[in-house]
Amino acid sequence: MEMTVAELVHAQWGDHRPGLAFQGGALSHHQVAAGAAARAALLAELQPPGAEPHVGVLLDNTPEFPLWLSAAALAGAAVAGINPTRRGAELARDIQHTECRLLVTERTHLPLLEGLQLPGVRVLVTDTEEYAALLAGFEGAKPGEAVIAPPGPKSRMLLYFTSGSTGAPKAAICTQGRLAAAGRSLVGQFGVVREDVHYICMPMFHGNAVIADWAPALAAGASVALRRTFSASGFLDDVRAYGATYFTYVGRAVQYILATPERPDDRDNPLRMGFGTEAGAVDAARFTERFGVRLVEGYGSSEGGAAIQRTPGTPKGAIGRAAPGDDLAVVDPQTAAECPPARFDDAGKLLNGDEAIGELVNRGRNPFEGYWRNPEADAARVRGGWYWTGDLFFRDADGYLHFAGRTDDRLRVDSENLAAAMIESILARYADAAAVAVYAVPDPVAGDQVMATLALHGAFDPDAFAAFLAGQGDLGPKMVPRFVRVVERMPVTATNKVHRVALRREGFRCPDPVWWRPGDEPAYEPLGPAAVQALLARYREQGREDLLGR
């Protein structure tokens with residue numbers, strides 16, 4: 001039977017066990033439900049007649065974020081998670097595209113809104129006396145008393161942004177029924193119980209934290225502990241302080257934690273498992289050895305159209321097999337013909353990547369619910385009755401699926417999807433640039449790094465280029481190129497299009513000068529032979545060298 005998130009929030013009423021912890025403070029499950037009911041009443045009061053029931057949430061992981069998720073569920077509204085790494089007009093576009101007439105934020109993010117044109121949007125600042133006074137007017141509200149629209153399984157619950165080759169981020173729709181079902185499924189899969197404590201350190205504007213961490217805790221009646229923003233150095237201390245038993249991760253989180261100094265008592269912690277993506281097989285094994293914590297790697301498209309489950313016996317390097325009910329296939333994106341199985345040599349190296357690697361599609365039923373007001377993106381995602389993930393895979397002879405990368409114009413940096421076209425349009429403003437191409441190169445551990453090729457009117461000035469990047473208000477920190485290749489003339493195909501395939505295949509091992517940022521500092525320096533060899537050693541260590549040159 002389909003359930004709603006609103007029903008799960010109702011179930012918290014009267015439960016006085018610990019429900020939500022943050023920075024030394026705590027709320028019971030009952031207090032969470034009461035706080036959600038007050039915010040639902042406030043939302044219903046402030047909702048303009050005839051407007052879409054959408055509330056934008058521009059917050060770090062403070063208690064206000066899950067409270068507003070629960071409030072939206074009770075009110076029959078939807079939360080649009082607004083990414084604080086977005087800037088300027090792009091940030092304004094996200095808020096306006098999702099038709100949010102109410103934006104909930106905090107003082108630390110107010111500078112992001114300065115100068116933005118947001119007509120008709122009311123901003124609520126959670127850490128102010130004005131906000132406290134507004135909520136006080138609804139003290140004593142109960143779940144279900146104030147609704148904008150009666151919540152049901154088909155009610156929109158989340159609008160969360162994902163991006164691909166079409167440029168601007170798309171707002172994927174997730175209904176209450178799908179979110180509740182995802183939470184209940186993970187409860188069953190991982191044996192989540194009421195006594196568990198789910199540690200949420202990944203940003204809640206992403207689907208990972210909400211769908212894979214918050215939702216199963218809500219479904220099981222487990223408690224939640226929040227970290228405002230991820231901290232590798234604070235991870236283990238938080239886990240111990242909160243008694244956390246479960247966490248989710250994306251991108252480099254595991255790598256960052258492993259980079260912290262080892263301690264004799266690393267294995268003295270209450271964690272029993274972590275669930276996420278892209279940790280890398282080597283780092284996942286190191287994490288388990290050091291902390292005694294099982295990491296479960298999975299794959300699921302943000303839109304819900306395809307999922308892969310890791311099961312006992314999954315070979316090293318593979319993600320797993322299709323989730324029950326999915327008919328997943330690896331196909332040639334040009335012909336839609338199924339790709340042949342992968343072949344490996346005795347050392348495990350892929351021998352027939354050219355023919356075995358294709359796009360992962362779901363040919364069966366899937367829960368993809370579309371994008372908000374974007375029929376072109378819907379049509380691109382579902383073609384010929386199949387759901388096209390946009391991700392490259394290969395399948396071994398035993399049916400296990402292996403991740404191989406992204407389609408041409410997509411990059412995944414630190415578990416955030418980026419569109420090359422958007423970055424190109426920003427870099428094209430550089431006065432000395434005659435032509436610009438942006439593309440992905442594999443990261444040594446997981447996901448991608450941004451590489452740009454520039455054809456210039458004159459010589460490359462690394463300091464001037466770094467200063468230019470710093471001055472671009474709409475260039476998010478994850479969009480900044482890690483590598484910059486400087487060419488006399490941009491390579492093109494026979495149809496006079498930029499030859500991205502050749503650029504991507506050569507990567508940073510090319511005949512032209514390459515500059516790079518070896519750390520997080522914005523300064524660029526030449527990528528010399530010694531640095532290339534050190535980089536290649538990192539790829540080999542992680543078992544990802546074979547991804548270079550594709």
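Coordinate-derived values only; no laboratory data. Small disclaimer: the values here were computed from a predicted structure and weren't measured. With ideal geometry, Cβ positions are generated from the backbone for all residues, glycine too; neighbour counts draw on all protein chains shown.
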* When the helices in the chain are scored as -39500 (n - 2.57) per DSSP H run of 4 or longer and the sum is shared across all residues, what 222 nm value do you end up with, to the nearest 500 deg cm²/dmol? -> -8000 deg cm²/dmol
* When only alpha-carbon atoms count, how far does the chain stretch along each of its three principal axes, as whole angstroms with the largest first? -> 69, 54, 53
* Asked: Under a Cβ-Cβ cut-off of 12 Å, what is the net charge of the residues other than residue 199 that fall near it, where Lys and Arg count +1 and Asp and Glu count -1?
  -> -1
* Asked: Across segment 181-196, in residue order, what do the Karplus-derived ³J(HN,Hα) couplings come to in whole Hz, using 6.51 cos²θ - 1.76 cosθ + 1.60 with θ = phi - 60° and x for Gly and Pro?
  -> 5, 4, x, 5, 5, 5, 4, x, 5, 10, x, 5, 10, 4, 7, 6
* To do: Read phi for every residue in segment 289-300 and hand back ³J(HN,Hα) as whole Hz from Karplus 6.51 cos²θ - 1.76 cosθ + 1.60, θ = phi - 60°, with x for Gly and Pro.
  => 5, 6, 9, x, 10, 6, 9, 10, 8, x, 9, x
* Structure fact -> Under 5 Å from the placed amide H of residue 60, counting only residues 5+ away or on other chains, we find none
* Structure fact -> Counted neighbours (other Cβ, 10 Å), sorted fewest up, put 74, 547 in the order 547, 74
* Structure fact -> Inter-part gap, Cα centre of segment 453-506 to Cα centre of segment 318-385, in whole angstrom, is 30 Å
* List, in order, the whole-Hz ³J(HN,Hα) value for each residue of segment 473-479 obtained from phi through the Karplus relation with A = 6.51, B = -1.76, C = 1.60 and θ = phi - 60°; use x for Gly and Pro. => x, 9, 8, x, x, 7, 7
* Under a Cβ-Cβ cut-off of 14 Å, what is the net charge of the residues other than residue 33 that fall near it, where Lys and Arg count +1 and Asp and Glu count -1? -> -1
* To do: Mind giving me the nanometre distance, one decimal, between the label points for residue 336 and residue 133, set 7 Å out from Cα along Cα→Cβ?
  => 6.1 nm
* Long-range amide H contacts for residue 487: which residues qualify at under 5 Å (H placed 1.01 Å from N, peptide plane, sequence gap of 5 or more or a different chain)? -> 454, 455, 456
* So how far apart, in nm, are the two label points at residue 523 and residue 16 if each is 7 Å from Cα heading toward Cβ? -> 6.0 nm
* Asked: Residue separation times 0.36 nm, minus the C-alpha to C-alpha distance between residue 268 and residue 536: what's the value?
  -> 93.0 nm
* Structure fact -> Placing each pseudo-label 7 Å from Cα in the direction of the beta carbon, residue 142 and residue 108 end up separated by a distance in nanometres of 3.7 nm
* Structure fact -> In terms of the charge dipole of segment 325-406, which places +1 on Lys and Arg and -1 on Asp and Glu at the beta carbon, the residue among 351, 379, 397 farthest towards the positive end is 379
* **Fewest-first sequence of 154, 170, 316 by Cβ atoms within 10 Å of each Cβ** => 316, 154, 170
* Asked: Relative to the present Cα-Cα distance, how much length would full extension add between residue 434 and residue 240 at 0.36 nm per residue of separation?
  -> 64.4 nm
* Asked: Fewest to most neighbouring Cβ within 10 Å: what's the order for 5, 104, 413?
  -> 413, 104, 5
* Taking GluC sites (Glu not before Pro) that fall in a DSSP loop and have at most 10 other Cβ atoms within 10 Å as cut points, what is the longest piece of the chain between them? -> 263-487
* Working out 0.36 nm times the residue gap between residue 355 and residue 343, then minus their Cα-Cα distance, what length gain in nm do you get to one decimal? -> 3.3 nm
